[in-house]
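Undergrad: Okay, handing you the structure first.
The values are calculated or read from the model by the stated rules, or taken from the named source; none is laboratory data. In this text the structure is predicted, and so the values were computed from the model without any measurement. Cβ: placed from backbone, ideal geometry, glycine included. Neighbour counts: every protein chain shown. Each accessible area value is taken on the protein alone, full model and side chains, heavy atoms only, with ligands, DNA and RNA left out. Shrake-Rupley method; radii C 1.70, N 1.55, O 1.52, S 1.80 Å.
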Amino acid sequence: MTMMSGAQMLVRSLEDLGVKHLFGYPGGAVLDIFDALLESKQIERIICRHEQGAAHMADGYARVSGKVGCCLVTSGPGATNTVTAIATAYMDSIPMVVITGQVGTPLIGSDAFQEVDTVGITRPIVKHSYLCQSALDIPKYIREAFYLASSGRPGPVVVDVPKDCVNPKKLFEYPPMQEVKMRSYNPTRLGHRGQVKRAAKLLAEAKRPVMLIGGGVVLGNASDKVRALVEKFNLPITSTLMGLGAFPGTDRHFLGMLGMHGTYEANEAMDKSDLVFAVGVRFDDRITNTVSKFCPTAKIIHIDVDPASISKTVMADLPIVGDADAVLGQFFDAIEELKLECNSAALDEWWQQIEAWRGIHCLNYKTNDELIKPQQVIEAIYEATGGNAVVATDVGQHQMFTALYYPFAKPRKLLTSGGLGTMGYGFPAAIGAKVACPNECVCLITGDGSFQMNIQELSTCLEFNIPVKIFILDNHTLGMVRQWQKMFYGGRISSTNLNYNPDFVAVARAYGHEGIFVEKPAQLKEAVAKALAMQDKLVIVDVLCDTNEKVLPMQQFGGSMGDMFLAN
């Protein structure tokens, strides 16, 4: 019989679930938990400088490792500071468990010091939430939280722990680990066999098919089967932002990213297709443009583990609920059983049309010797890393430039806030990624606006020796908002200039790191190589970029997939 306090049971539960790293920040309501953590030889505590940073770190850790990310914060403002990060994880279906402190159970509802209704505040942005009522709730809820976060459609789970539940003086028998079973929660893994067979026949008969993949392929570890299906049926394939890397970006079958800033060939192919084979996507507004004009001649096959995502925005002609990897495995069984082959003659003609669209070279841009173009920075990083880095981004122009000019070869290499569009996400996410994969090259590509939103985590990197490489595309403006103002607001610039930035090189050195300033195109290649060569140091590379450069292509609002503004 093992007798433990609630705090000790919480720590032991995390250990039993394989947690190696816990991101967090201490406070009064969780002091007993942090005290119990001192006894753990398995869990390393990464102490951030802001609770939002801790939760984003857990998010980045989860995205790159495929494991559940976990963070621990105190009650009141500690909990509310995680809300943006929880919403970020929720929108992108990231498995994360957020443990929050709470005032003692007798004080709940009394407006006690640092009391907030954490469960109520986070309810719309979590997969589930728990409020512990006793110490013995803790191991049960922690185990269920990890199971819920990582199964079905993944997502964040909150466990709110009142202070009296972790009282070190009250001991209880620790319940042994058991398989989690929840009668009301049984996510579907395998697709309906009849639907799979019908979908396989449609795919074989299609004359102008396009495969569309999203974040569900990455989260479902289905990349290998996607690649095999594409090669077997000679399919053109495109991806949402969240799906980048699930299929090699340099492969001839890949048309580039789809949507608002997608490539001309990807958007045109979707618009003119007769079959869209969609796996692990939500069909959000950044992908569809005008829903009523979306793929007017195509039948839609939609595979997703979340039944609520199917036909939510775009009506599916053939819906299949199930895990991406498992359902695609069923597809190969159906193809073999039915002896299906692709429509080669029609596909040859389809590829000729796609190559004509490719011939537009929509990603070409003009350079000069004086101003650094943001695209050049991305291409320089890609060349120097061989395309093998883990890349985190914030949100804005640099995010889209990264998506378009850094062709990811493998899944879990791009960390970005796709659904919520969270500025300030990239830096702590990169920290979490580096903690998860210390031997990987981890680069943050950010803007001068985004980076300042969680810049305080430079201190965390110094304390825990986390040597990420930071590339700031410094255009002294909120680039994407300015682009819209230039294009759609008559060129009137309102509140987007950032003329009072710090000296980022000096900031780097003030925090004990290295800094490099780049202002001419001729300096760029050497600066990137120098930063990457300092493997054991965090380096900020502040790159002065052209303020007026736009992210193009760009879809025309109110139009179809193929209605686009092009650079040339």
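Undergrad: Filter region 518-568 down to the residues that are assigned to a loop (DSSP other than H, G, I, E, B) and polar (S, T, N, Q), then identify the one that is surrounded by the most Cβ atoms within 10 Å (Cβ to Cβ). Walk me through it before giving the result.
TA: Of the residues in region 518-568, the ones assigned to a loop (DSSP other than H, G, I, E, B) are 519-520, 534-538, 546-553, 556-563, 566-568.
If we keep only those that are polar (S, T, N, Q) too, we end up with 535, 547-548, 556, 560, 568.
Values: Gln535: 9, Thr547: 14, Asn548: 12, Gln556: 13, Ser560: 21, Asn568: 10.
Of everything passing the filter in region 518-568, Ser560 is surrounded by the most Cβ atoms within 10 Å (Cβ to Cβ).
Let's see how each residue does on (1) surrounded by fewer than 22 Cβ atoms within 10 Å (Cβ to Cβ); (2) in contact with a Ser or Thr (Cβ under 7 Å, 6 or more places away or on another chain); (3) closer than 25 Å to Asn81 by Cβ:
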{"position": "Thr402", "(1), (2), (3)": "no, yes, no"}
{"position": "Pro407", "(1), (2), (3)": "yes, yes, no"}
{"position": "Lys410", "(1), (2), (3)": "yes, no, no"}
{"position": "Thr422", "(1), (2), (3)": "no, yes, yes"}
{"position": "Phe427", "(1), (2), (3)": "no, yes, yes"}
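Undergrad: Can you tell me which condition Met453 does not meet? The list is (1) open to solvent by 10 Å² or more (accessible area, probe 1.4 Å); (2) in contact with a strand residue (DSSP E or B) (Cβ under 6 Å, 6 or more places away or on another chain); (3) closer than 18 Å to Thr416 by Cβ, and all the others hold.
TA: (2)
Undergrad: If you don't mind, there's one more thing I want to ask. Which residue pairs have Cβ atoms closer than 8 Å, lie 6 or more positions apart in sequence or on different chains, and pair a first residue in region 504-520 that is touching a residue at least 40 places away in the same chain (Cβ under 8 Å) and farther than 20 Å from Thr547 by Cα with a second residue that is part of a helix (DSSP H, G or I) and open to solvent by 20 Å² or more (accessible area, probe 1.4 Å)?
TA: Final answer for the pair search is Val507/Ile455; Tyr511/Ser459; Tyr511/Leu462; Gly512/Leu462; His513/Leu462.
Undergrad: Hey, Gln523 hits all of (1) over 30 Å from Ala298 (Cα atoms); (2) at pLDDT below 95 but one; which does it fall short on?
TA: Just one mismatch for Gln523, condition (2).
Undergrad: Within region 368-382, is there a residue that is in contact with a Pro (Cβ under 9 Å, 6 or more places away or on another chain), in a helix (DSSP H, G or I) and over 28 Å from Pro521 (Cβ atoms)?
TA: no
Undergrad: Would you pick out the residues in region 494-504 that are out of contact with any Ser or Thr (no Cβ under 8 Å at 6 or more places or on another chain) and either of a type in the set (Lys, Arg) or at pLDDT 95 or above (or both)?
TA: If the condition is that a residue be out of contact with any Ser or Thr (no Cβ under 8 Å at 6 or more places or on another chain) and either of a type in the set (Lys, Arg) or at pLDDT 95 or above (or both), then Ser494, Ser495, Tyr500, Asn501, Pro502, Asp503, Phe504 are the ones that fit.
Undergrad: Also, I was wondering about something else. Is it true that some residue in region 493-511 is among the aliphatic types (A, V, I, L, M) and part of a loop (DSSP other than H, G, I, E, B)? I'd like the intermediate steps shown before the answer.
TA: Going residue by residue through region 493-511, those that are among the aliphatic types (A, V, I, L, M) are 493, 498, 505-508, 510.
Cutting the leftovers down to part of a loop (DSSP other than H, G, I, E, B) gives us 493, 498.
Yes, that holds for at least one residue.
Undergrad: Moving on to the next point. Restricting attention to region 456-478, report how many residues are in contact with a Gly (Cβ under 9 Å, 6 or more places away or on another chain), open to solvent by 10 Å² or more (accessible area, probe 1.4 Å) and part of a helix (DSSP H, G or I).
TA: 3
Undergrad: For region 1-112, give me every one of the helices (runs of 4 or more DSSP H) that falls completely inside it and has 3 or more residues that are under 19 Å from Cys437 (Cβ atoms) and either β-branched (Val, Ile, Thr) or open to solvent by 10 Å² or more (accessible area, probe 1.4 Å) (or both). Let's see the steps before the verdict.
TA: Numbers: elements: 6-16, 31-37, 51-65, 77-80, 83-91.
By residue number, 51-65.
Undergrad: For region 223-293, which helices (runs of 4 or more DSSP H) that fit wholly inside it have 2 or more residues that are touching a strand residue (DSSP E or B) at 6+ places or on another chain (Cβ under 6 Å) and crowded, with 21+ Cβ neighbours inside 10 Å?
TA: Values: elements: 223-233, 264-272, 285-288.
Of the helices (runs of 4 or more DSSP H) lying wholly inside region 223-293, those with at least 2 residues that are touching a strand residue (DSSP E or B) at 6+ places or on another chain (Cβ under 6 Å) and crowded, with 21+ Cβ neighbours inside 10 Å span 264-272.
Undergrad: Looking at Leu219, Leu190, Leu171, which one is open to solvent by 90 Å² or more (accessible area, probe 1.4 Å) and under 17 Å from Val305 (Cβ atoms)?
TA: Going through Leu219, Leu190, Leu171 in turn, the sole match is Leu190.
Undergrad: Does region 481-491 hold any residues that are touching a helix residue (DSSP H, G or I) at 6+ places or on another chain (Cβ under 8 Å) and surrounded by fewer than 21 Cβ atoms within 10 Å (Cβ to Cβ), and which are they?
TA: Selection gives Gly491 alone.
Undergrad: With the structure loaded, tell me whether Gly432 is of a type outside the set (A, V, I, L, M), in contact with a Gly (Cβ under 7 Å, 6 or more places away or on another chain) and buried (at least 24 other Cβ atoms within 10 Å of the Cβ) or whether it fails that test.
TA: yes
Undergrad: Right, here's the next one. Collect the residues in region 113-133 that are open to solvent by 20 Å² or more (accessible area, probe 1.4 Å) and part of a loop (DSSP other than H, G, I, E, B), keeping them in residue-number order.
TA: Phe113, Gln114, Glu115, Val116, Asp117, Lys127, Gln133
Undergrad: How about region 299-308: which of its residues are surrounded by fewer than 22 Cβ atoms within 10 Å (Cβ to Cβ) and in contact with a Lys or Arg (Cβ under 8 Å, 6 or more places away or on another chain)?
TA: Asp306
Undergrad: As an exercise: evaluate Val507 against (1) surrounded by 14 or more Cβ atoms within 10 Å (Cβ to Cβ); (2) modelled with pLDDT under 95 and give the number of the one condition it does not meet.
TA: The number of the failed condition is (2).
Residue by residue, here is whether (1) part of a loop (DSSP other than H, G, I, E, B); (2) at pLDDT 95 or above; (3) in contact with a Gly (Cβ under 8 Å, 6 or more places away or on another chain); (4) not β-branched (Val, Ile, Thr) holds:
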residue: Ala135; (1), (2), (3), (4): yes, yes, yes, yes
residue: Lys140; (1), (2), (3), (4): no, yes, no, yes
residue: Lys170; (1), (2), (3), (4): yes, yes, yes, yes
residue: Pro176; (1), (2), (3), (4): yes, no, no, yes
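Undergrad: Continuing with the same structure: Does at least one position in region 173-183 carry a residue that is out of contact with any helix residue (DSSP H, G or I) (no Cβ under 6 Å at 6 or more places or on another chain), in contact (Cβ under 8 Å) with a residue 60 or more places away in the chain and acidic (Asp, Glu)?
TA: Here is the first cut: in region 173-183, the ones out of contact with any helix residue (DSSP H, G or I) (no Cβ under 6 Å at 6 or more places or on another chain) are 173, 176, 178-179, 181-183.
Subset that is in contact (Cβ under 8 Å) with a residue 60 or more places away in the chain: 173.
Adding the requirement that they be acidic (Asp, Glu) leaves 173.
Yes; the residues of region 173-183 include at least one that is out of contact with any helix residue (DSSP H, G or I) (no Cβ under 6 Å at 6 or more places or on another chain), in contact (Cβ under 8 Å) with a residue 60 or more places away in the chain and acidic (Asp, Glu).
Undergrad: Select, from His56, His50, the only residue that is modelled with pLDDT of 95 or more and in contact with an Asp or Glu (Cβ under 8 Å, 6 or more places away or on another chain).
TA: Matching residue, one of His56, His50: His50.
Undergrad: Keeping to region 138-150, report how many residues are open to solvent by 20 Å² or more (accessible area, probe 1.4 Å) and free of Cβ contacts under 8 Å to residues at least 60 places away in the same chain.
TA: Here the count works out to 4.
Undergrad: Where residues in region 313-364 are among the small types (Gly, Ala, Ser) and not in a helix (DSSP H, G or I), which of them is least open to solvent (accessible area, probe 1.4 Å)?
TA: By that ranking, first place goes to Gly322.
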